[in-house]
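Undergrad: Pasting in a structure now, in structure tokens, and then I'll have a few things to ask.
The values are calculated or read from the model by the stated rules, or taken from the named source; none is laboratory data. These numbers were taken from a predicted model, which means no experiment stands behind them. No Cβ is skipped: glycine too gets one built from the backbone with ideal geometry, and neighbour counts run over all protein chains shown.
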Amino acid sequence: MKPIYADCAAAVPPFDEALSAFEQASLAAWQNPSSIHGGGQTAAHLLQRARADIAAHFGCEAREIVLTSCGTESICLAVRGLTERKKGHIVTTAMEHKAVTEAVLSAVRGGCTATYLKPDPSGQISAEDVKNAIRPDTVLIAVMAASNETGVIQPVAQIGQIARHYGIPFFSDGVQIPSETDPALFVRHCDMMSFSGHKFGAVRGTGILYIKSTLRPLVSPQLTGGGQEAGLRSGTENVAGACSVAAALEQCRLHCNRVRPLRDLFEERMVQAVDGVEIIGQNAPRLPHISLLSFDGISGEGLVSLLDLHGVAASASSACNAAKGTALASLTAMGRSEEDARRAVRFSFSHRNTEEEMHRLVRVTAECVQKLRALHIN
Ligand code: PLP
């Protein structure tokens with residue numbers, strides 16, 4: 001059977017256009033963009049063009065784009081970078097990606113304090129809770145734009161408004177946003193937002209931090225040296241990577257309406273085919289490419305393993321937690337028990353998936369659930 005890849009929240013297959021932009025730039029402009037000779041200047045020109053294209057997709061200025069190596073690096077630059085310069089209180093959530101949680105923890109070890117807000121049972125953080133958590137010494141609000149586990153979109157516009165009102169920098173982790181949703185709709189409400197190239201079809205090893213120009217002086221670089229990226233991220237720039245990011249964002253823009261109908265079809269058929277299945281976050285605004293399902297009476301990990309034997313790639317945990325067997329953090333934060341959280345499986349899609357795959361995926365998943373239930377493996 002032809003394999004089905006349904007783990008796009010972990011990594012999206014690279015677009016052909018992104019690979020070819022990477023290859024072309026690697027061949028034509030492999031020189032160091034800081035060099036003043038012709039080759040270096042060609043590389044610098046390509047980098048400048050890629051940065052301008054990325055900024056256009058995010059609806060910001062080119063100087064507000066910092067190119068990094070991944071989402072985690074962008075997050076560390078934002079959260080650690082800001083709290084190293086300004087100690088105080090951080091308002092964050094109990095369902096952030098580990099990269100944010102660890103950066104906040106490191107700030108706490110360095111003398112900051114933190115309030116961890118919990119989402120409501122649908123997976124959404126309340127903007128009112130954010131407002132009520134603000135203290136006179138609050139130096140940062142860090143609330144993700146959308147959950148990588150449930151796909152639930154957070155009230156970024158309202159939180160941005162509150163942050164502006166109180167004059168507190170607002171960082172939002174936007175790593176799951178761009179593949180199927182217009183990132184500019186989110187960026188405009190934040191002071192800093194992190195992205196990861198491999199989550200939206202660019203080459204691996206690329207990341208972006210959007211940072212409002214007024215905030216730059218408040219952020220301490222995490223990589224120091226040659227002063228690239230206007231002093232915020234030293235190290236020779238990945239010109240070809242930046243070209244790949246720009247090309248991938250353009251492809252996302254062209255393909256962004258294709259996934260929601262596939263995800264909706266999958267969910268509609270899934271609840272018809274299997275008893276005791278719940279679509280988590282169904283009534284909240286959700287990213288169009290993520291479907292988190294909970295199956296009565298089975299273990300999510302068991303189902304993922306059995307699906308794998310049938311050529312289906314899905315996930316029972318975010319990729320960084322999978323190896324440790326940790327239950328989905330957002331589900332426990334939503335008030336569900338560990339046991340409940342362990343019944344969930346995340347299916348996530350991209351432009352590459354097809355309608356035929358959705359039908360096959362439902363059939364195979366229904367068969368696997370039936371087998372596991374018959375064996376009473378939970
Ligand atoms: N934030 C979210 C919401 C993610 O889903 C991920 C990766 O899964 C990250 C941050 C980390 O990104 P990266 O793997 O590029 O470091």
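Undergrad: Only one of these conditions is not met by residue 242: (1) in a strand (DSSP E or B); (2) of a type in the set (A, V, I, L, M, F, W, C); (3) more than 14 Å from the chain's Cα centre (by Cα). Which number is it?
TA: (1)
Undergrad: To continue, here is another question. Among 303, 307, 361, 292, which is out of contact with any strand residue (DSSP E or B) (no Cβ under 7 Å at 6 or more places or on another chain) and either modelled with pLDDT of 95 or more or not in a loop (DSSP other than H, G, I, E, B) (or both)? Show your work before the answer.
TA: Details: 303 fails: out of contact with any strand residue (DSSP E or B) (no Cβ under 7 Å at 6 or more places or on another chain); 361 fails: out of contact with any strand residue (DSSP E or B) (no Cβ under 7 Å at 6 or more places or on another chain); 292 fails: out of contact with any strand residue (DSSP E or B) (no Cβ under 7 Å at 6 or more places or on another chain).
So the residue among 303, 307, 361, 292 that is out of contact with any strand residue (DSSP E or B) (no Cβ under 7 Å at 6 or more places or on another chain) and either modelled with pLDDT of 95 or more or not in a loop (DSSP other than H, G, I, E, B) (or both) is 307.
Undergrad: For residues that are buried (at least 18 other Cβ atoms within 10 Å of the Cβ) and closer than 16 Å to residue 181 by Cα, scanning just region 257-283, find the one that is farthest from the chain's Cα centre (by Cα).
TA: 262
Undergrad: For region 335-349, enumerate the residues that are at pLDDT 95 or above and either surrounded by fewer than 23 Cβ atoms within 10 Å (Cβ to Cβ) or part of a loop (DSSP other than H, G, I, E, B) (or both).
TA: 349
Undergrad: Considering each of 278, 237 in turn, give the residue that is at negative phi, of a type in the set (Asp, Glu) and in a loop (DSSP other than H, G, I, E, B). Even if it seems obvious, please write down each step before you answer.
TA: Numbers: 278 fails: in a loop (DSSP other than H, G, I, E, B).
Criteria check complete, one pass: 237.
Undergrad: Right, here's the next one. Could you grab me the full set of residues in region 171-193 that are within 16 Å of the ligand (Cβ to nearest atom), out of contact with any His (no Cβ under 9 Å at 6 or more places or on another chain) and not hydrophobic (A, V, I, L, M, F, W, C)?
TA: Passing the criteria: only 174.
Undergrad: Please identify the pairs in which a residue from region 237-255 that is within 11 Å of residue 46 (Cβ to Cβ) has its Cβ atom under 8 Å from the Cβ atom of a residue that is in a loop (DSSP other than H, G, I, E, B) and at pLDDT below 95, counting only partners at least 6 apart or on another chain.
TA: As it stands, the answer is 239/29; 240/29, since those pairs meet every condition given.
Undergrad: Mind counting the residues in region 51-87 that are touching a residue at least 40 places away in the same chain (Cβ under 8 Å) and part of a helix (DSSP H, G or I)? Break it down stepwise before answering.
TA: The first filter runs over region 51-87 and keeps only residues touching a residue at least 40 places away in the same chain (Cβ under 8 Å), leaving 51, 53-54, 57-61, 63-87.
From what is left, the residues that are part of a helix (DSSP H, G or I) are 51, 53-54, 57-58, 63-64, 71-85.
Total meeting the criteria: 22.
Undergrad: Any residue at all in region 112-122 that is among the aliphatic types (A, V, I, L, M), crowded, with 23+ Cβ neighbours inside 10 Å and more than 24 Å from residue 257 (Cβ to Cβ)?
TA: Residues of region 112-122 among the aliphatic types (A, V, I, L, M): 114, 117.
With crowded, with 23+ Cβ neighbours inside 10 Å added as a condition, the list becomes none.
Checked against the condition, which is being among the aliphatic types (A, V, I, L, M), crowded, with 23+ Cβ neighbours inside 10 Å and more than 24 Å from residue 257 (Cβ to Cβ), region 112-122 yields no hits at all.
Undergrad: Run residue 214 past the list (1) polar (S, T, N, Q); (2) more than 14 Å from the chain's Cα centre (by Cα); (3) buried (at least 24 other Cβ atoms within 10 Å of the Cβ) and report the number of the one that doesn't hold.
TA: (3)
Undergrad: Shifting gears a bit: Which residues, taken from region 92-109, are more than 12 Å from the ligand (Cβ to nearest atom) and free of Cβ contacts under 8 Å to residues at least 60 places away in the same chain?
TA: 92, 104, 105, 106, 107, 108, 109
Undergrad: Could I ask something else about it? Condition first: among the hydrophobic types (A, V, I, L, M, F, W, C) and within 11 Å of the ligand (Cβ to nearest atom). Now tell me which residues in region 194-207 satisfy that. Before you say what the answer is, go through the steps one by one.
TA: As a first pass, look at region 194-207 and keep what is among the hydrophobic types (A, V, I, L, M, F, W, C): 195, 200, 202-203.
Passing the criteria: 195, 200, 202.
Undergrad: Using beta carbons and a limit of 6 Å, which pairs, at least six apart or on different chains, have the first residue in region 25-39 and of a type in the set (Ser, Thr, Tyr) and at pLDDT 95 or above and the second one surrounded by 13 or more Cβ atoms within 10 Å (Cβ to Cβ) and not in a loop (DSSP other than H, G, I, E, B)?
TA: 26/240
Undergrad: Right, next: Please count how many residues of region 117-164 are under 20 Å from residue 328 (Cβ atoms), more than 16 Å from the ligand (Cβ to nearest atom) and not basic (Lys, Arg). Working first, answer last.
TA: The first filter runs over region 117-164 and keeps only residues under 20 Å from residue 328 (Cβ atoms), leaving 117-125, 142-154.
Narrowing further to those that are more than 16 Å from the ligand (Cβ to nearest atom): 117-118, 120-122.
Then drop every residue that is not not basic (Lys, Arg), which leaves 117, 120-122.
Of the residues in region 117-164, 4 are under 20 Å from residue 328 (Cβ atoms), more than 16 Å from the ligand (Cβ to nearest atom) and not basic (Lys, Arg).
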